[in-house]
Amino acid sequence: DDTFVSDEFVCLEVLDQLRSMEKRRRGTFRDLDKDHGIIGKALGLWDFHQRAALEAPDPQSSPSREVLRKVAELLNAVILKLPPQVLLQRMKEFESAEVFQRLSMAAINSSAQLRLQVAVNYTDNGVVPVIVTFLQTLLQNYEGAAGAAAPPQVAATEAAFRILGDEQLPAEGWPYVSFCLQVCGHILSHWSATKISLQKADVLDARAAPLLLAQGGLVDVLAEILDPKAAGVEMRERPPGQVVNQATDTLQALFEQNGHICLFCMQHYTEVKQIVGLACESLSMEPLTDFPEMQQQAVTQLVSAFERFAVHDERLGRRILKALTAMFESSYRLVSWFLQHNALSALGDYQSTDVHVEAVRAVARAPYWSAEDAPLLPGFVALLARMLLDSIEGLGEDAAPPPAGVKRRGLDLTE
């Protein structure tokens, strides 16, 4: 009864009685959730006593602290008794209640069975939008000028969890980001295992885990964690190394399972070097051989990234060249397309020829040409001859200057 919310003694007695009811009759918590809205009432009780505890001279000794602890225990017990789909529905209903979101994610993280059930049934239980929405909320809490104070509501929530002193319920928001990323990892692992067992799975299937996660906004969250500045966000506090590593692993798993997502992210996050690097690794393993148009788009993006990053980041430049090599070696038609649309004469005097070199090397490494590729040979001969002429034409002592408006990229001996 709301009349007794301010009476700590009554609240503690009621909370103890509620805990004991489930022990006497199983299913009580589910009934209380379904018929009496126990979650909403418990959150109302939390809000009142959070204010009371934080306004007390000594929050640790405030009677409201014990009420908060009992409310957290009750909600945790209710969460663990709810069917996974009902729990996720409640998380959606109370998405603005960060306290409930934190308690729910901590419960999912602590229960291997609940975590597995949530991940396995991702297509039907709506876990993806719930997880991504909570991740977005947590990151928004950290947005702001570097070193700035947390917003009052965020600071109050962290202070309330801090006075609880429960290791399973951290005060900072980053551990809950970690919990969410673990769930995303389990979802991708389950989908990957299912794909292997079926020996085929359409990566463009609307129910495929990588596509659901990407469409739900997970990539935006990961980009913000990996490189806030490049993602266009200013954060008052940098993510811990553990969270950054988890974000990297999650993005890598996402790219490895779906090359379409990999290409999409390269096109939309051109300044985030971590995304470019992970995309290179993914394309090196899976060069999109079955999708010629996507290969061309990927090569265009990689060439642009090489021009942008290679001078200042040699390691990333090597990763980009490795991905280009894998793609060129997977398709002679791709090499032909690249050389046709990227003549040496189009390069500036100081632009690297490394990509052209990798394209030609891919042809040189070919052990044989199949009957399917044989019709390309005459065109290749013309392309390579044109490249040779482009590389030496006009370099003689008595060579005439190029006609007006015609560019020429001369090569020196080191090239």
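The values are calculated or read from the model by the stated rules, or taken from the named source; none is laboratory data. Please read all numbers here as calculations on a predicted model, not as lab measurements. Cβ sites come from the backbone with ideal geometry, for glycine too, and all protein chains shown count toward neighbours. Side chains are part of the model used for accessible areas, which takes the heavy atoms of the whole protein and leaves out ligands, DNA and RNA. Shrake-Rupley method; radii C 1.70, N 1.55, O 1.52, S 1.80 Å.
Numbers below:
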read-out: 0 to 90° range, to nearest 10: angle between helix 273-285 axis and the chain longest Cα axis; value: 70
read-out: Anisotropy class of segment 207-247 from Cα gyration tensor, a/c 1.5 cut; value: oblate
read-out: Value of [θ]222 nm, deg cm²/dmol, for the chain, DSSP H segments ≥ 4, -39500 (n - 2.57) each, nearest 500; value: -21500 deg cm²/dmol
read-out: With Cα atoms, 0 to 90° folded angle of helix 174-198 axis to the chain main axis; value: 60
read-out: Length-normalised contact order for segment 180-319 - Cα pairs under 8 Å, 6+ apart - percent; value: 20
read-out: Along principal axes, Cα extents of the chain, largest first, whole Å; value: 102, 49, 28
read-out: Lys, Arg +1 and Asp, Glu -1 on Cβ, resulting dipole of the chain about Cα centre, debye, nearest 20; value: 900
read-out: Per-pair calculated FRET efficiency, R0 = 35 Å: residue 190 and residue 6 via Cβ, rounded to 0.05; value: 0.15
read-out: Relative contact order %, the chain, counting alpha carbon pairs below 8 Å whose residues are six or more apart; value: 10
read-out: Prolate/oblate/rounded label for segment 38-79 (Cα gyration tensor, a/c 1.5); value: oblate
read-out: Where Cα atoms sit under 14 Å apart: lysine pairs in the chain separated by 8 or more or lying on different chains; value: 4
read-out: In range of the label at residue 55: residues from segment 159-196 whose backbone nitrogen is under 16 Å from the point 7 Å along Cα→Cβ; value: 160
read-out: Summed residue charge, Cβ within 14 Å of residue 154's Cβ, Lys/Arg positive, Asp/Glu negative; value: -2
read-out: Fully extended contour minus Cα-Cα distance, from residue 34 to residue 205, at 0.36 nm per residue; value: 58.1 nm
read-out: Per-pair calculated FRET efficiency, R0 = 45 Å: residue 113 and residue 353 via Cβ, rounded to 0.05; value: 0.20
read-out: Selection from 294, 348, 363, by position along the positive dipole direction of segment 270-370 (Cβ); value: 363
read-out: Segment 1-132: radius of gyration over Cα atoms, expressed as a fraction of 2.2 N^0.38 Å; value: 1.10
read-out: Point-charge dipole on Cβ atoms (K/R +1, D/E -1) for segment 79-207, about Cα centre, debye to 20; value: 380
read-out: Sequence-distant residues sharing a close amide H with residue 235 (under 5 Å, placed H); value: 144
read-out: Given charges at beta-carbon only (K, R positive; D, E negative), |dipole| of segment 80-130 in Debye; value: 160
read-out: Simple spin-label estimate for residue 343 and residue 285 in nanometres, 7 Å along Cα-Cβ; value: 4.0
read-out: Of all accessible heavy-atom area on segment 227-354, the percent that carbon and sulfur account for (1.4 Å); value: 48
read-out: Cα-based shape type of segment 83-173, given that a ≥ b ≥ c are square roots of the gyration tensor eigenvalues and the cut on a/c is 1.5; value: prolate
read-out: Computed label-point distance, nm, for sites residue 369 and residue 314 using a 7 Å Cα→Cβ extension; value: 3.7
read-out: Degrees between helix 241-257 axis and first principal axis of the chain (Cα, 0 to 90, nearest 10); value: 60
